[in-house]
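Have a look at the structure below before the remarks.
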Amino acid sequence: MKRTLRVGLFVGVVVCVLVSSLTLKSGKAAGVGKAGAQASASPPPQASTPQAAATPQRDEKLWKKALALHKKTVVIDGHNDIPTVMVDEDYDMGVSSVGKYHTDVARLKQSGMTGEFFSIYVDRQYATQEWVAKNYVREGGSSRRALDLIDASYRMVEKYPKDLTLATSAADIVRAKKQGKVGVLMGIEGGHAIENSLSALREFYRLGVRYMTLTHNNTNDWADACCDDAKHNGLSEFGKEVVREMNRLGMFVDISHVSDKTMSDVLDVSKAPVIASHSSARVFSNHKRNIPDELLKRIAQNGGVVMVNFYPAFLDEKVRAAGIERDAKLKTQREALRGQFKDDQKRLDEELKRLDDANPIPNTTLSMLVDHIDHIAKVAGVDHVGLGSDFDGVPNLPEGIKDVADLPNITYELLRRGYSERDVMKILGGNFMRAFAEVERVAHTDRRQISGEGSARRLEATKK
Ligand SMILES: [Zn+2]
């Protein structure tokens, strides 16, 4: 789902969250994305008390220590949606976008980032018959959309070679660190991008894609999503083959956005560690995008890493509940506006924005974000947690982290809470690096050739 939101100076492309107040971009994907904004029917969260609710006075000595540690550490972020605006808005990351986007080259450098995953996000619309019938010749389908985003990512790396470098291996990330550059990694978001073809999956691997989120919020032809109807009771047989092929290639299986049952099936099948590139703990916000404790424990057994999403509604039940309440309250008014301005998307965006502004909901804090890290470290272990911001995929961020440049604030808060430097380094990137090395090891054990040994199976066409 891609939605454009205008908040003051901020023009954000919201791809990873579902806030029904946001408006769909012109002519795209009407009627999608409602599911994720719904309340889950399950019981309320068991815990939601931040350990340090108020921002304490900064301890300058500790801050210096945090900055020094942050600087020497490999810092990895699991999910950044800036490629979508590179393609749709022709955005050049070398141009400052402070107050508009969460990410530009200067702030990426400032953030101390070593490896940033650019999200190759493919909206569900590209996989619909309506889209294909209407737009295929002009705009292509799901794979073509992914290719456009991959090309845009390459363009930025090639345009700013002093600051950015393409990274497709753990060794590349280490090299980026030594060179003082930001390693740009790529991960596909939405398994429909492979158009049900293992050959396409391999081509994406060849292009440098190193994870694939099996679904976005939409159930596809072989895997059930978090926030859509379940059609396969988790992973279908072909879905299991996709996971095995990803293991064989050396591509992370990303379990963000899938249903709990799909997650469980992946953990049964995968021989290599998995990641949740941008998911938080369900205990603090009862959203289906978040991961429940029993699955956190299983991810630990798998050797995987849960990279915490920074989106306030995923972090804090109060924010999620307020959003649902506002959605219900404004439903009629929003529908009326959509009818009134259906041919004027820009005006519609403005009007919806105005309506939301008149009905604000609370935000959460960076402290709450770090509570998720604490919780995952407690339940799964400190070796299984990382960062998965969702920068430029979410309309807002917690107080204390306004954009990518504020990442050192997390390092400070971790130290303030008493984490050892060693554990902070694991959380910021070490855990991901360990898992990446293991994914590569499994692939190297299994694979001598990319295509030659891979299955040519495609999902059979279904009768319409
Ligand atoms: Zn997402």
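All of the numbers you see were taken from the coordinates with simple rules; none came from a lab. On a predicted model such as this, the values are computed, not experimentally measured, just so you know. As a convention, Cβ positions derive from the backbone with ideal geometry for all residues, glycine included, and neighbour counts pool all protein chains shown.
Based on the Cβ-Cβ distance from R144 to R58, what FRET efficiency comes out when R0 is 45 Å, to the nearest 0.05? Plugging the Cβ-Cβ distance into 1/(1 + (r/R0)^6) gives 0.40. For segment 320-464, the Kirkwood radius over C-alpha pairs fed into Stokes-Einstein at 20 °C and 1.002 mPa s yields D = 107 µm² per second.
The packing ranking of peptides 358-366, 290-298, highest mean first, is 290-298, 358-366, where packing means the average number of other beta carbon atoms within 10 angstrom of each residue.
Remark: for residue pairs K61/K181; K61/K177; K65/K181, the C-alpha separation exceeds 31 Å in no case. Of the trypsin sites (Lys or Arg not before Pro) found in segment 185-277, the ones in coil according to DSSP and having at most 14 other Cβ atoms within 10 Å of their Cβ are K231. When each of the peptides 403-409, 305-311 is scored by how many other beta carbons lie within 10 Å of its residues on average, the order from highest to lowest is 305-311, 403-409. Beyond 19 Å in Cα-Cα separation lie the following of the pairs K261/K426; K72/K178; K178/K402: K261/K426; K178/K402. The rule of thumb for compact globular proteins, 2.2 N^0.38 Å, goes into the C-alpha radius of gyration of the chain 0.91 times.
Evaluated over the Cα positions of segment 269-397, the convex hull gives a direction-averaged projected area, one quarter of its surface, of 9.4 nm². Along its first, second and third principal axes, ordered by size, segment 97-195 spans 48, 33, 20 Å in Cα coordinates.
Placing +1 on the Cβ of every Lys and Arg and -1 on the Cβ of every Asp and Glu, with nothing else charged, gives the chain a dipole about its Cα centre of roughly 500 debye. For segment 145-196, the set of trypsin sites (Lys or Arg not before Pro) satisfying both a DSSP loop assignment and a count of at most 16 other C-beta atoms within 10 Å is given as K162. For the chain, the 222 nm mean residue ellipticity estimated from helices alone, with every DSSP H stretch of n ≥ 4 adding -39500 (n - 2.57) and the total spread over all residues, rounds to -12500 deg cm²/dmol. Applying both filters, DSSP loop and at most 12 other Cβ atoms within 10 Å, to the chymotrypsin sites (Phe, Trp or Tyr not before Pro) of segment 64-144 eliminates every site. Taking 0.36 nm per residue of separation and subtracting the current Cα-Cα distance, fully stretching the chain between K346 and E325 would add 5.0 nm. Taking 0.36 nm per residue of separation and subtracting the current Cα-Cα distance, fully stretching the chain between Y154 and D88 would add 22.2 nm.
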